[in-house]
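Chemist: Once you've had a glance at the structure underneath, I'll fire off some questions.
The values are calculated or read from the model by the stated rules, or taken from the named source; none is laboratory data. Treat the numbers as computed from the prediction; the structure is a model and nothing was measured. Note that each Cβ is placed from the backbone with ideal geometry, even for glycine, and that neighbours are counted across all protein chains shown. Ligands, DNA and RNA are stripped out before the accessible areas are found, and what is left, the full protein with its side chains, is counted by its heavy atoms. Shrake-Rupley method; radii C 1.70, N 1.55, O 1.52, S 1.80 Å.
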Amino acid sequence: GAVVSQHPSRVICKSGTSVKIECRSLDFQATTMFWYRQFPKQSLMLMATSNEGSKATYEQGVEKDKFLINHASLTLSTLTVTSAHPEDSSFYICSAREQEQNSYGYTFGSGTRLTVV
Amino acid sequence: AQSVTQLDSQVPVFEEAPVELRCNYSSSVSVYLFWYVQYPNQGLQLLLKYLSGSTLVKGINGFEAEFNKSQTSFHLRKPSVHISDTAEYFCAVRPTGSARQLTFGSGTQLTVLP
């Protein structure tokens, strides 16, 4: 089946630095990828929708300049947390939709635990 | 817009007992429905989905769910749970006919006790 690889699984960074998270579709092409943030014991909150070759669409309240999304190819989307602060610590999950029209499949990555100290 | 309500935030149950995790949704358009499972520090794994046809859907790990349009519900059931079923379960919907993102419920923590 479809597999989405998300890397790194865990990262600890100093406050003020930037962190890049990669999301790759391994055996299918994904025109659309989604980035979620999950706080402890809570549901997934959609941050942005990433479309290959175009700008990402951000949800209300998500800072575009802080959470940079790049979807340069049909198999790779990246989320960069710029100038990270402790409040950015969270679990980030990506999801990819297969390219086929009317595909119902959404495959999730294994998530990235970001801790900003 | 769509919304999903999972009324039970936590469900403790003894091993080999049956379990039902409740999900209700609200939508002005027709939707597809999904159940996902999340183990600690991992992403989401699809358990089952309802697209059309038979309202009783069977998924992986012995789970099944029934779509009830009149009650706008999609409850998840398993006749006999195992310790390994302990996880967070999320119900989700998305509109048919579009490639929009999923709308998730708040999740239900299922804890299977020995």
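Chemist: For region B:8-25, state whether one or more residues are in contact with a Pro (Cβ under 7 Å, 6 or more places away or on another chain), more than 13 Å from chain A (Cβ to nearest Cβ), within 25 Å of residue B:113 (Cα to Cα) and not hydrophobic (A, V, I, L, M, F, W, C). So that I can check it myself, show each step before the final result.
Modeler: So in region B:8-25, the residues in contact with a Pro (Cβ under 7 Å, 6 or more places away or on another chain) come out as B:15, B:18.
Checking which are more than 13 Å from chain A (Cβ to nearest Cβ) leaves us with B:15, B:18.
So of that shortlist, the ones also within 25 Å of residue B:113 (Cα to Cα) come out as B:15, B:18.
Right, trim to not hydrophobic (A, V, I, L, M, F, W, C) and you get B:15, B:18.
Yes, that holds for at least one residue.
Chemist: Would you please name the residue that is nearest to residue A:34 (Cα to Cα), looking only at residues in region B:64-108 that are in contact (Cβ under 8 Å) with a residue 40 or more places away in the chain, open to solvent by 10 Å² or more (accessible area, probe 1.4 Å) and among the β-branched types (Val, Ile, Thr)?
Modeler: B:103
Chemist: Would you confirm whether any residue within region A:102-113 is in contact with a strand residue (DSSP E or B) (Cβ under 6 Å, 6 or more places away or on another chain), away from every other protein chain (no Cβ under 12 Å), at pLDDT below 95 and assigned to a loop (DSSP other than H, G, I, E, B)?
Modeler: No, because not a single residue in region A:102-113 is in contact with a strand residue (DSSP E or B) (Cβ under 6 Å, 6 or more places away or on another chain), away from every other protein chain (no Cβ under 12 Å), at pLDDT below 95 and assigned to a loop (DSSP other than H, G, I, E, B).
Chemist: Right, something else. So residue A:47 passes all but one of these: (1) part of a strand (DSSP E or B); (2) touching an Asp or Glu at 6+ places or on another chain (Cβ under 7 Å); (3) surrounded by fewer than 19 Cβ atoms within 10 Å (Cβ to Cβ). Which condition number does it fail?
Modeler: With (1) part of a strand (DSSP E or B); (2) touching an Asp or Glu at 6+ places or on another chain (Cβ under 7 Å); (3) surrounded by fewer than 19 Cβ atoms within 10 Å (Cβ to Cβ) applied to residue A:47, the lone miss is (3).
Chemist: Hey, can you tell me all the residues within region A:10-26 that are at pLDDT below 95 and open to solvent by less than 90 Å² (accessible area, probe 1.4 Å)?
Modeler: Scanning region A:10-26 gives a single hit, A:25.
Chemist: So how many residues does region B:30-63 have that are open to solvent by 70 Å² or more (accessible area, probe 1.4 Å) and either within 21 Å of residue A:95 (Cβ to Cβ) or touching a helix residue (DSSP H, G or I) at 6+ places or on another chain (Cβ under 9 Å) (or both)?
Modeler: 6
Chemist: Separate question: Of a type in the set (A, V, I, L, M, F, W, C) and either surrounded by 14 or more Cβ atoms within 10 Å (Cβ to Cβ) or away from chain A (no Cβ under 14 Å) (or both): does that describe residue B:1?
Modeler: Details: of a type in the set (A, V, I, L, M, F, W, C): yes; either surrounded by 14 or more Cβ atoms within 10 Å (Cβ to Cβ) or away from chain A (no Cβ under 14 Å) (or both): no.
Against the criterion (of a type in the set (A, V, I, L, M, F, W, C) and either surrounded by 14 or more Cβ atoms within 10 Å (Cβ to Cβ) or away from chain A (no Cβ under 14 Å) (or both)), residue B:1 does not qualify.
Chemist: Looking at region B:91-114, which of the residues that are farther than 11 Å from residue A:43 by Cα and facing chain A (nearest Cβ under 7 Å) is modelled with the lowest pLDDT?
Modeler: Among those residues, the one meeting the criterion is B:99.
Chemist: Can you tell me which residue is most open to solvent (accessible area, probe 1.4 Å) among those in region B:4-29 that are farther than 17 Å from residue B:95 by Cβ and aliphatic (A, V, I, L, M)?
Modeler: B:7
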